[in-house]
Amino acid sequence: MQPQDDPFIVPECKEEIVILYQDKEILLINKPTGLLSLSGKHPLNKDSVHYRLVKDFPTATIVHRLDFGTSGIMIVALNKVANGIITKQFQARTITKTYTAVLYGLVENKNGIIDVPIIKDSENFPLQKVCFTDGKPALTHYQVVTRSKDLMSTRVLFSPITGRTHQLRIHSMQFGHPILGCDLYASDIAFSMSDRLMLHATSIDFDHPTTGERVFGQCPCPF
């Protein structure tokens, strides 16, 4: 498929990126929902976190991504050395992250771990799927924050132990409580209950690439 034949054209994102922290090595930013982390192949999908940031920070590189619909905190490296050091921390799983999500239905347990392996769905790009034979291990801890019987929804705090593509969306669906507004994995009812994906990267903790001190990044949830 040629880039110009790509059927998915990203709607315009009018929200701005907010810089939460800045020094010579890194940025911590708040990515708005509806913005790609990296530009797509299609020329009309050029707008992205990276595309916007390099205008003011020419050496900025994306160390990790958030899904198009997910908002919240991201680390951006401002040089190759910082990028390499932070990338190694992701690989070693020494970086911890939390996400706030609103799920369909009332989650029964106060907390728990979802242990369900994930693999690419070769027949339905860009979807992922559950596969207990060939899937890569995927672990997510969840904790219920509040339940709303009136709205038939549950607010949870996710702490992913692994970082598979679409992990939180698939794990939510797998245990019967898809994320509201999810266009890929939610039921029609759950998708229609929100005009955005109700998933926000709330915090990220990592070692600063120069000082080695632990950085505790926070980004309040907008919903």
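The values are calculated or read from the model by the stated rules, or taken from the named source; none is laboratory data. Just so it is clear, the structure is predicted and the values come from calculations on it, not from any experiment. Neighbour counts run over all protein chains shown; Cβ positions are idealised from the backbone, glycine included.
If VAL81 meets every condition in (1) in contact (Cβ under 8 Å) with a residue 60 or more places away in the chain; (2) surrounded by 20 or more Cβ atoms within 10 Å (Cβ to Cβ); (3) of a type in the set (A, V, I, L, M, F, W, C); (4) more than 25 Å from PRO137 (Cβ to Cβ) apart from one, which number is that one? Going through the list (1) in contact (Cβ under 8 Å) with a residue 60 or more places away in the chain; (2) surrounded by 20 or more Cβ atoms within 10 Å (Cβ to Cβ); (3) of a type in the set (A, V, I, L, M, F, W, C); (4) more than 25 Å from PRO137 (Cβ to Cβ), VAL81 breaks only (2).
Taken together, the residues in segment 155-175 that are surrounded by fewer than 21 Cβ atoms within 10 Å (Cβ to Cβ) and part of a strand (DSSP E or B) amount to 4.
Residue-by-condition table, conditions (1) assigned to a helix (DSSP H, G or I); (2) under 21 Å from GLU108 (Cα atoms); (3) of a type in the set (A, V, I, L, M):
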{"position": "HIS177", "(1), (2), (3)": "no, yes, no"}
{"position": "ILE204", "(1), (2), (3)": "no, no, yes"}
{"position": "PHE216", "(1), (2), (3)": "no, no, no"}
{"position": "PRO220", "(1), (2), (3)": "no, no, no"}
{"position": "PHE223", "(1), (2), (3)": "no, no, no"}
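With the condition kept exactly as written, say whether any residue in segment 100-120 is of a type in the set (Lys, Arg) and more than 25 Å from LEU168 (Cα to Cα). No; the residues of segment 100-120 include none that is of a type in the set (Lys, Arg) and more than 25 Å from LEU168 (Cα to Cα). Can you spot a residue in segment 2-11 that is polar (S, T, N, Q) and under 16 Å from ALA201 (Cβ atoms)? No, that holds for no residue. Of all residues in segment 45-55, none satisfies being in contact (Cβ under 8 Å) with a residue 12 or more places away in the chain, closer than 16 Å to PHE206 by Cα and touching a Cys at 6+ places or on another chain (Cβ under 9 Å). For the subset of segment 186-201 comprising residues that are in contact with a Leu (Cβ under 8 Å, 6 or more places away or on another chain) and surrounded by fewer than 21 Cβ atoms within 10 Å (Cβ to Cβ), which member is nearest to SER153 (Cα to Cα)? In this case the residue turns out to be MET193. Those strands (runs of 3 or more DSSP E) of segment 1-103 in which 1 or more residues are hydrophobic (A, V, I, L, M, F, W, C) and closer than 18 Å to MET198 by Cα occupy 71-77. Among the candidates PRO178, PRO209, PRO222, the residue that is at pLDDT 95 or above, touching a Leu at 6+ places or on another chain (Cβ under 8 Å) and of a type outside the set (Gly, Ala, Ser) is uniquely PRO178. Restricting segment 104-138 to residues that are hydrophobic (A, V, I, L, M, F, W, C) and not in a loop (DSSP other than H, G, I, E, B) leaves a set whose member that is surrounded by the most Cβ atoms within 10 Å (Cβ to Cβ) is ILE118. Quick check on LYS41: is it more than 14 Å from the chain's Cα centre (by Cα), farther than 21 Å from HIS200 by Cα, modelled with pLDDT of 95 or more and surrounded by fewer than 16 Cβ atoms within 10 Å (Cβ to Cβ)? In short, no.
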